[in-house]
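The values are calculated or read from the model by the stated rules, or taken from the named source; none is laboratory data. Nothing here was measured: the structure is a model prediction, and the numbers come from that model. Every residue, glycine as well, gets a Cβ built from its backbone with ideal geometry; the counts of neighbours run over all protein chains shown. Note: areas computed on protein heavy atoms with side chains; ligands, DNA, RNA excluded. Shrake-Rupley method; radii C 1.70, N 1.55, O 1.52, S 1.80 Å.
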Amino acid sequence: METPPPSAGGGGGGGKPDRKTTERIRREQMNKLYSHLDSLVRSAPPTGGAAAATTRPDRLGVAAEYIRQTQERVDMLREKKRELTGGGGGGSSSSSGAGAATAAAPEVEVQHLGSGLHAILFTGAPPTDGASFHRAVRAVEDAGGQVQNAHFSVAGAKAVYTIHAMIGDGYGGIERVVQRLKEAIRSN
């Protein structure tokens, strides 16, 4: 099937395919490319019909809209990542001076869960070792909490500690644990 049938118009000795064959090959290539584009966009036809029922300009319009929406989503996620990692890389002059001092201050968010505690701690700089993380866990245990789960991760210029603990009524309860936890983090 590689060789085209002999053309009725004659012509050359078979070196150059005729227009009909060239056009058929071009259409097949375009159909493959459109099929590949449709598989990448993965959008369902609006009326529930077959994908071939939409015109090529419509398919290109859907693909262009998909690309635009994806670019907006990427930009939004980059902005969100920049905010979560401390806002570095923007090059703005507001990140120096007083803003740098508040970025280094640790933040403590605590959720009371009945007799339990869920603490999320954000430090101003990633730890070079696990000492500050272990100090936070030890502070919860010293205040009477029983740590159920604890882990930390580094996101950009911040370390994020998450501690789940069960708190008994002894030693002053949850308030004492929260106070000791904040003291341990701020003493870094």
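Selection of first residues in the range 22-48 that are in a loop (DSSP other than H, G, I, E, B) and of second residues that are at pLDDT below 85, restricted to Cβ pairs under 8 Å at least 6 apart or on distinct chains, gives the following pairs, ordered by first then second residue: Pro45/Ala51; Pro45/Ala53; Pro45/Thr54; Thr47/Ala53. Among the residues of the range 160-188, write down those that are assigned to a strand (DSSP E or B) and at pLDDT 80 or above. Those that are assigned to a strand (DSSP E or B) and at pLDDT 80 or above: Val160, Tyr161, Thr162, Ile163, His164, Ala165, Met166. Being open to solvent by 50 Å² or more (accessible area, probe 1.4 Å) and modelled with pLDDT of 75 or more holds for only one residue in Asp142, Asp129, and it is Asp142. Considering only residues in the range 61-85 that are hydroxyl-bearing (Ser, Thr, Tyr) and in a helix (DSSP H, G or I), the one that is least open to solvent (accessible area, probe 1.4 Å) turns out to be Thr70.
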